[in-house]
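Here the structure comes first, spelled out in structure tokens, and everything after it is commentary.
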Amino acid sequence: METSPAAKEEQSYEEFEPFCKWQKHEENDILQVHLPGFRRQDIRLQFNDAGILTISGKQGSSDGDETSSTTTTAMRGRFRKEINISGNCRADQIRAKFSRGILSVTVPKEVVQLSKQSAQDSEQSAHNLFGFQGITVSRPKITKQNAVKMVVVSLAMVLAGFAIYRLCII
């Protein structure tokens with residue numbers, strides 16, 4: 001017996017939140033969404049210009065499947081998940097794979113490589129921003145001898161502070 005389009009509309013869906021797990025890697029991130037009982041054709045993925053990936057699905061949706069013998073009382077699962085994707089991803093290279101009830105969405109990251117010159121230029125522009133034009137900031141080398149001197153000076157300052165404190169109390 002075939003179900004009428006009106007009967008298909010009357011099916012009720014139970015909303016649920018699928019289990020999701022991110023795997024972070026240097027070159028890409030992988031989102032695993034656990035969807036047991038779903039078929040590939042039950043799942044929809046959309047990525048919009050605002051950087052939001054929408055994953056939705058209806059379990060047992062029978063788009064174009066007129067031979068289905070589902071009844072109007074059958075409970076089916078339905079979900080909708082919106083995920084903000086970082087701005088440093090390559091949206092045109094997002095890929096999805098569905099296997100054994102797990103949807104894997106691979107989000108490749110942009111590789112940002114700063115050359116030494118561009119790093120120096122950005123450091124120089126930061127100095128210019130705060131009015132430090134023409135000043136080169138360098139990090140002092142800390143040797144073992146300098147470290148010992150810093151510890152001795154710090155200890156002397158602590159002892160001097162303690163002595164002044166004791167004189168003020170008495």
TODO: Within region 121-140, identify whether any single residue is at pLDDT below 90 and in contact with a Lys or Arg (Cβ under 8 Å, 6 or more places away or on another chain), and answer yes or no.
DONE: no
Task: Residue in region 7-24 that is surrounded by 14 or more Cβ atoms within 10 Å (Cβ to Cβ), of a type in the set (Ser, Thr, Tyr) and either assigned by TED's automatic domain parsing to the domain that holds PHE98 or modelled with pLDDT under 90 (or both) present - done: yes
TODO: Check off (1) modelled with pLDDT under 85; (2) at positive phi for GLY37 and give me the number that stays unchecked.
DONE: (1)
- [ ] Please indicate, with yes or no, whether at least one residue in region 94-102 is exposed (fewer than 11 other Cβ atoms within 10 Å of the Cβ), modelled with pLDDT under 60 and assigned by TED's automatic domain parsing to the domain that holds GLU17.
- [x] no
Open item on the list: Pairs needed: first member in region 30-48, under 12 Å from PHE98 (Cβ atoms); second member anywhere, hydroxyl-bearing (Ser, Thr, Tyr); C-beta distance under 7 Å; at least 6 residues apart or different chains.
Closed with: GLN32/SER104; ASP42/SER61; ARG44/SER56
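Hey, could you check region 40-80 for residues that are under 26 Å from the mean Cα position of the chain (by Cα) and not in a strand (DSSP E or B) and say which is modelled with the lowest pLDDT?
ASP49
The values are calculated or read from the model by the stated rules, or taken from the named source; none is laboratory data. Keep in mind that this is a model prediction, so the values were computed, not measured. No Cβ is skipped: glycine too gets one built from the backbone with ideal geometry, and neighbour counts run over all protein chains shown.
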